[in-house]
2 protein chains.
Amino acid sequence: MKALVVGGAGFIGSHLCDALAELGHDIVCVDNFSLGTRQNIEHLKANQKFAVYEADASAKEELDRIFEQESPDYVFHLAANSDIQASAKNPDVEYQNTYTTTFRILSCMRKYGVKKLFFASTSAVYGDKRDELLDENTPNLSPVSYYGAAKLGCEALISAFSYMNEMEALVFRFPNVVGPRLTHGVIFDFIRKLQKDPACLQILGDGKQTKPYIYVTDLVDAILRFMGTGKQGVELYNVGVQGSTSVIRIADIVCEEMGLQSVKYKFTGGEGGWKGDVPRFEYCIDKIQSTGWKAVFTSDQAVRETVRKNTGRG
Amino acid sequence: MKALVVGGAGFIGSHLCDALAELGHDIVCVDNFSLGTRQNIEHLKANQKFAVYEADASAKEELDRIFEQESPDYVFHLAANSDIQASAKNPDVEYQNTYTTTFRILSCMRKYGVKKLFFASTSAVYGDKRDELLDENTPNLSPVSYYGAAKLGCEALISAFSYMNEMEALVFRFPNVVGPRLTHGVIFDFIRKLQKDPACLQILGDGKQTKPYIYVTDLVDAILRFMGTGKQGVELYNVGVQGSTSVIRIADIVCEEMGLQSVKYKFTGGEGGWKGDVPRFEYCIDKIQSTGWKAVFTSDQAVRETVRKNTGRG
């Protein structure tokens, strides 16, 4: 199989490339290296079956040329703005990097007859439904972030393109994803802040924000397990883990793993970390678990393992 | 009030301009005149409170200049590709004219602090759910047309922009809209075909496609009635009528009104008129009717009245 991995040098994308390489597939990695890094894929360069294109998936002609040249069998689309906090200040980022990339990729798949897609969606499509157990049939999706809005728009595109062109699409709604090569987010921030000042940690919000964190290798495992949906149209899963972890708990774990004691926490206050942040949500993962799949790491374990790997202790 | 009507020279937009003019509002009509026509707004040109900009709402700078210059109080956004059959062949049209226009408009509202929006959405966001009674809480929206996909993406954008910028947004999901100044669709097609050949009428599909048709003045009446939602966030309504009308019934009505007898119907066959066409759907309109609002025309009456107006008999 020849796999086109868009966003393949990014945090999740590069782990997916690792797993696809392990399975012996041909891999075409497309990345604009805005969030992805060359370092993330450096170790794959020796692989004869691994090719890299520095290209922006929102640029029509560039992407078209890659599809024409490579004729992939399967497209894994992980290119997006992944920093919700950043795009809150500039929604254009989501229009360009999240929605437009998806539209261009689907248009190329339509043009070149590529029938199989994996798409990385997000819990942010639900919006702020903190008192509901969110499953794949939850109605009234009302994103509160530009990121969630763009991703929901992408899901809608995938629905129409797969219907109109007989595609098989696998869509996962991710919770927070953590692990090695993380570039932003609360764990990343806490480590960086504590490296600068090991006595005091500023925490956005009241620290009670509580979300499930999935370990990146668990996620990649699920992607590969479900990629052959075997049916036309969209197969959608909430991908989750056992439990969830509060921001204060994350701070505690980071301090423990960094060997820091009596760190003073300073809270900026308020329920969410920033406007558009959903302070807590709970996923129903019955659908994916009913297939027998289960994440290896719980949410707390995923956080701890991430701290270890990102502080060189793992 | 100063109203910015984007798509104001189009079929629905121009009727909305008429109604706003009647109420004495200042009106800024923005249209790229791709589907809208100068003829639709010709009669409004004498009105001192009516201004027209020939501009494309997907063009960032152009739209920005209009917002800066006009400082509208309320934006009515009716600009979109409205021809589903056409965009089935070229999804770029929806990306540009339906999604991008909405993104640009919302970005300008954010920049210039405009807090009130009306948005024309569509039954096509649901996808093909022919055996369900569709209401505002129906889950799993799965558009089968690029048009429906783009509009659902717009609804998602409105959700996030209204949350992030304290906007009041009114969203109507329209069924088929008919009336004077119609530019395409089954009634329009039938009249044109019968004017060419009054003996024989080609009908796409099996003719059993059955949908609700709302008369444009009923729709405009509802827009104006609900435009002051009085609450932050999105207020969403399915706007509908009593009954629905099959394509064969439409053919019969067109023939009756054109005074044609024993016209031979030739069916192209199949359930839908074209791929991406939803052959029938049924709307639950309890929510809007619970407010006391009701369309004047039933679906059959709306069709008949439209034939009369568009054949100069009304």
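Any read-out appearing in this document is the output of simple, stated calculations on the displayed coordinates, not a laboratory observation. Given the structure is predicted, the values throughout are model-derived calculations rather than measurements. No Cβ is skipped: glycine too gets one built from the backbone with ideal geometry, and neighbour counts run over all protein chains shown.
Note the angle between two axes, namely the Cα long axis of helix A:11-22 and the longest principal axis of the Cα atoms of chain A, as a number of degrees from 0 to 90, rounded to the nearest 10.
Approximately 60 degrees, to the nearest 10.
Hey, with R₀ at 35 Å, roughly what FRET efficiency would B:Asn90 and B:Ile248 work out to, going by the Cβ-Cβ distance, to 0.05?
Details: r = 30 Å, r/R0 = 0.85.
For R0 = 35 Å, the calculated efficiency reads 0.70.
Under a point-charge model restricted to the Cβ atoms of Lys and Arg (+1) and Asp and Glu (-1), what is the dipole moment magnitude of segment A:212-284 relative to its Cα centre, in debye to the nearest 20? Could you put the intermediate results ahead of the total?
On the way: 7 positive and 9 negative charges, 38 e Å.
Result for segment A:212-284 is approximately 180 debye, rounded to the nearest 20.
Treating the beta-carbon of each Lys and Arg as +1 and of each Asp and Glu as -1, no other charges, what is the dipole magnitude of segment B:24-174 about its Cα centre, to the nearest 20 debye? Let's see the in-between values first.
Details: 15 positive and 22 negative charges, 16 e Å.
I would put it at about 80 debye.
Hey, can you grab everything whose amide H is under 5 Å from the amide H of A:Gly233? Only 5+ residues off in sequence or another chain; H modelled, so Pro and N-termini drop out.
A:Met167, A:Glu168, A:Ala169
Any chance you could give the angle, 0 to 90 degrees and rounded to 10, that helix A:247-257 forms with the longest Cα principal axis of chain A?
So the inclination is approximately 80 degrees.
How far is A:Gln195 from itself in the other copies, in nm, if each label sits 7 Å out from Cα along the Cα-Cβ line, shortest first?
Between copies, matching label points for A:Gln195 lie 7.2 nm apart.
Using the alpha-carbon centroid of each, what span in Å lies between segment B:268-314 and segment A:178-198?
56
Give the dimensionless ratio obtained when the Cα radius of gyration of segment B:141-281 is divided by 2.2 N^0.38 Å. Write out the running numbers ahead of the final one.
On the way: Rg = 18.3 Å, N = 141, 2.2 N^0.38 = 14.4 Å.
Ratio of Cα Rg to 2.2 N^0.38 Å: 1.27.
Treating the angle as unsigned and between 0 and 90°, give the value, to the nearest 10°, between the Cα long axis of helix A:101-112 and the longest Cα principal axis of chain A.
Once rounded, the angle reads 20 degrees.
Using modelled amide H (1.01 Å from N, peptide plane; none on Pro or chain starts), what sits under 5 Å from the amide H of B:Ile214, excluding residues fewer than 5 places away?
Residues meeting the amide H criterion: B:Asn176, B:Val177, B:Val178.
Alpha carbon centre of segment A:83-107 versus segment A:209-251: separation in Å?
21
For segment B:132-168 and segment B:1-63, what is the separation of their C-alpha centers, rounded to whole Å?
For segment B:132-168 versus segment B:1-63, the Cα centre distance is 25 Å.
Write down, largest first, the equivalent ellipsoid semi-axes of the protein assembly as shown in whole Å, where each equals the square root of 5 times an eigenvalue of the alpha-carbon gyration tensor.
Semi-axes, largest first: 47, 28, 21 Å.
Starting from 0.36 nm per residue, how many nanometres of slack lie between B:Cys200 and B:Lys115 once their C-alpha separation is accounted for?
Values: separation 85, 0.36 × 85 = 30.60 nm, distance 5.19 nm.
My answer for the length gained is 25.4 nm.
Quick one: 3J(HN,Hα) in Hz for segment B:187-201, Karplus 6.51/-1.76/1.60 with θ = phi - 60°, rounded, Gly and Pro as x.
Calculated HN-Hα couplings, in order: 5, 4, 4, 4, 4, 4, 5, 6, 5, 6, 9, x, 9, 9, 10 Hz.
With Cβ to Cβ distances under 11 Å as the rule, what net charge do the other residues near B:Ser34 carry (K, R +1; D, E -1)? Walk me through the numbers on the way to the answer.
Values: positive: none; negative: B:Asp31, B:Glu54, B:Asp56, B:Asp83.
Here the count lands on -4.
From zero up to wherever the largest Cα-Cα distance of segment A:23-134 sits, split into 5 Å bins and tell me the percent of pairs in each.
Values per bin, smallest distances first: 2, 10, 19, 21, 19, 14, 8, 5, 2, 0.
How big is segment B:152-229 along each principal axis, measuring the range of its Cα positions in Å and listing the largest first?
57, 25, 19
If you keep only loop residues by DSSP, which trypsin sites (Lys or Arg not before Pro) in segment A:1-105 have at most 16 other Cβ atoms within 10 Å of their Cβ? Walk me through the intermediate numbers first.
Details: sites: A:Lys2, A:Arg38, A:Lys45, A:Lys49, A:Lys60, A:Arg65, A:Lys89, A:Arg104; in loops: A:Lys45, A:Lys49, A:Lys89.
Hits after loop and neighbour filter: A:Lys45, A:Lys49, A:Lys89.
Can you list the residues of segment A:215-245 with backbone N under 17 Å from a point 7 Å past the Cα of A:Ala19, pointing along Cα to Cβ?
Inside the label zone: A:215-230, A:235-242.
Would you mind checking which residues have amide H under 5 Å from B:Cys29's amide H? H placed 1.01 Å from N; only 5 or more apart, or other chain.
Sorted by chain and number, the residues that satisfy this are B:Val5, B:Ala51, B:Val52, B:Tyr53.
I need the fraction of alpha carbon pairs in chain B separated by more than 34 Å, rounded to a whole percent.
On the way: 9533 of 49141 pairs.
The answer is 19 percent, as a whole percent.
State the three equivalent ellipsoid semi-axes of segment A:62-190, derived from the C-alpha gyration tensor as the square roots of 5 times its eigenvalues, in descending order and whole Å.
Details: eigenvalues 137, 66, 37 Å².
One finds semi-axes of 26, 18, 14 Å for segment A:62-190.
From the backbone phi of segment B:144-150, what are the Karplus-calculated ³J(HN,Hα) couplings (6.51 cos²θ - 1.76 cosθ + 1.60, θ = phi - 60°) in whole Hz, Gly and Pro given as x?
Computed from phi, the couplings for segment B:144-150 are 9, 10, 4, 4, x, 5, 5 Hz.
Using alpha carbons only, what's the Rg to Rh ratio of segment B:167-209 with Rh from Kirkwood? Numbers along the way, then the final one.
On the way: Rg = 15.3 Å, Rh = 13.0 Å.
Radius of gyration over Kirkwood radius for segment B:167-209 works out to 1.18.
When the convex hull of the Cα atoms of segment A:245-290 is projected onto a plane and the area is averaged over all directions, what value comes out in nm²?
For the Cα atoms of segment A:245-290, the hull's average projected area reads 5.0 nm².
For a label point 7 Å from the Cα of B:Thr268 along Cα→C-beta, name the residues of segment B:83-120 whose backbone N is under 14 Å from it.
Residues B:84-89 qualify, since their backbone N sits under 14 Å from the label point.
Mind pulling the per residue volume of the convex hull built on the Cα atoms of segment A:224-314? Å³ is fine.
On the way: hull volume 12.6 nm³, N = 91.
About 138 Å³ per residue, rounded to a whole number.
Along segment B:52-69, what does the Karplus equation 6.51 cos²θ - 1.76 cosθ + 1.60 (θ = phi - 60°) give for ³J(HN,Hα), rounded to whole Hz, x for Gly and Pro?
Once rounded to whole Hz, the list reads 10, 10, 7, 7, 9, 5, 8, 8, 3, 5, 4, 5, 4, 4, 5, 4, 4, 6.
Please report, for B:Trp274, the nm distances (one decimal) from its label point, 7 Å out from Cα along the beta-carbon direction, to the equivalent points in the remaining copies, shortest first.
Ordered by distance, the counterparts are at 4.3 nm.
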